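The values are calculated or read from the model by the stated rules, or taken from the named source; none is laboratory data. Predicted model, so just to flag it, every value in this text is computed and none were measured. Every residue, glycine among them, receives a Cβ derived from its backbone with ideal geometry; neighbour counts consider all protein chains shown.
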Amino acid sequence: MSYFHWKKLTYISDLSPLIRWWLYGTITPVSRWIRFLIAVLLGGVLGLLYGWVVNPVKYVDTTPSSLRADYQADYVLMVAESYNQNRDLPLAARRLALLGESSPTEHVRQALIFGAQNGYADSDLELLSQLASDLQTWNPITGTGGS
Amino acid sequence: MRENRGPWYLLTGFVLGAFLGLLYAWVVSPVEYVDTSPAAMRADFRDQYRALIASAYVANRDIARAQARLNLLSDRDVARTLAEQAQHTLADGGSPEVAQALALLALDLGQGPTPVVVAGSPTAVSTLAVPTAAVEAASPTAGVTQLPTETPQIPTNPVTAAAETSEPSPSLGAALQTPQATRTSLPTGAPLPTRTPTATSGAPIALEEKSFVCDPNLAEPMIQVVAENAAGDQISGIEVVVNWEGGENHFFTGIKSELGPGYADFTMTPGEVYSLRLAEGGEPVSELTAAECESGDGSRYWGSWLLLFAQGAE
């Protein structure tokens, strides 16, 4: 038997008096509370084990607003690329609105910061800047502004 | 002092612990979805993401970038998914521009060796070659924006990630089979240009040939449409409108890119009378109905209409 298994068995055998006490030991009001708390802890540990290891959370049906920062920045870049071709500012704003409650301008600003920090090509940064600039002058009520 | 109440209190503690754990997990500190990937998005958001990728592709024509972005959605068959979404967009009354962008991207992604019409005997059927995906892989180039990858690291090195991506070729089902005799306008045995042909401006596209095709390999009665430009090359993105009593459907050539860049089809319901026209204008082709063919052994099967539209045809 390997050293590892031997150590493991030793460890379990060390615990066995504690388990015996927990299950069959003399019960006093104090010891009962201790055993009760151990049961609570055990339930919690098993719950976490189930939730984190056996059946961990799978992310499905999420929204664009929960995307990782680099995905969000690329999403904004796609909107900017599309806007550069169709010049449809309301459509760009609607697409940006999927990214969450912040204003479209703020989403583009965040993407610009991310792009500048992560080596986006100048041409892409230019597209983002153009979209940000046009959004700033755009009035969603009247539909005026932009280029 | 010794009490003999049994082990039930241990079970009570266990249940209480689990309850407290759930209370914490669901009420006090519920799960917040952050840093998710596009593949985890709800289906309708994935559709919008795909449409945006296509719109961006129409603007920049960067197939490697579009491919890298589509890979984030983990679609099993990218070209087919795009094509189906294009059809659904039209069927649901969505934006024709978006549908066209999706169709174009589907076509360009599915385009491998250009489909070739293989010549056969006068009685034999011709078969379009099965293409493989030929996604251009961009070489790492300084100054090119790195697209997000599925790894948890935030990209810092300005090289394209698209070079590492490739997509298996779309699985292709039936090959288009049409009697050779009816396809005289199609070049035989000669490869078409690898670049997607487009309609040249000027001359309108009009019906050149209408023929009824008996092909036992086609399980359903269909209207098959092929569009060609003046040079005889198949052209994609031509919007076709089919009308019948109480219904209308729009589709584009090139949606089934595996069958040819200028090919589209529509499945008829037996008993229904259809008329078909190109959205850009021209005379409608009317009185299209499903009809049966008879094979040599007397068995019956559905035939199909083959309509060849060509630029400059009268």
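Quick notes
- Top-ranked residue of the stretch B:21-47 - restricted to ones that are modelled with pLDDT of 85 or more and exposed (fewer than 12 other Cβ atoms within 10 Å of the Cβ), ranked as nearest to the other protein chains (Cβ to nearest Cβ): B:ALA43
- Remark: pairs (first residue in the stretch B:71-100, within 14 Å of chain A (Cβ to nearest Cβ); second residue of a type in the set (D, E, K, R) and assigned to a helix (DSSP H, G or I); Cβ separation under 6 Å; 6+ apart in sequence or on different chains) = B:LEU73/B:ARG46.
- Within the stretch B:87-98, the set of residues being hydrophobic (A, V, I, L, M, F, W, C) and either on the phi > 0 side of the Ramachandran plot or modelled with pLDDT under 90 (or both) comprises B:LEU90, B:ALA91.
- The stretch A:44-70 residues that are more than 23 Å from B:ALA43 (Cβ to Cβ), paired with ones that are in a loop (DSSP other than H, G, I, E, B) (beta carbon under 8 Å, 6 or more apart): A:GLY51/A:VAL57; A:ALA69/B:ASP35; A:ALA69/B:ILE154
- Single match in B:LEU10, B:LEU52 (criterion: farther than 21 Å from A:ALA69 by Cα, at the interface with chain A (Cβ under 7 Å from one of its Cβ atoms), in a helix (DSSP H, G or I) and in contact with a helix residue (DSSP H, G or I) (Cβ under 7 Å, 6 or more places away or on another chain)): B:LEU10
- Residue check, A:LEU98 modelled with pLDDT under 95 and assigned by TED's automatic domain parsing to the domain that holds A:LEU18: no
- Condition met for B:GLU239 (touching an Asp or Glu at 6+ places or on another chain (Cβ under 9 Å) and among the acidic types (Asp, Glu)): yes
- For the stretch A:24-36, the criterion of a residue being modelled with pLDDT of 80 or more and aromatic (Phe, Trp, Tyr) is satisfied by at least one position.
- Check on A:ALA116, more than 16 Å from B:TYR49 (Cβ to Cβ) and more than 7 Å from chain B (Cβ to nearest Cβ): yes
- For the stretch A:62-77, the count of residues that are within 7 Å of chain B (Cβ to nearest Cβ), exposed (fewer than 15 other Cβ atoms within 10 Å of the Cβ) and closer than 30 Å to A:LEU112 by Cβ is zero.
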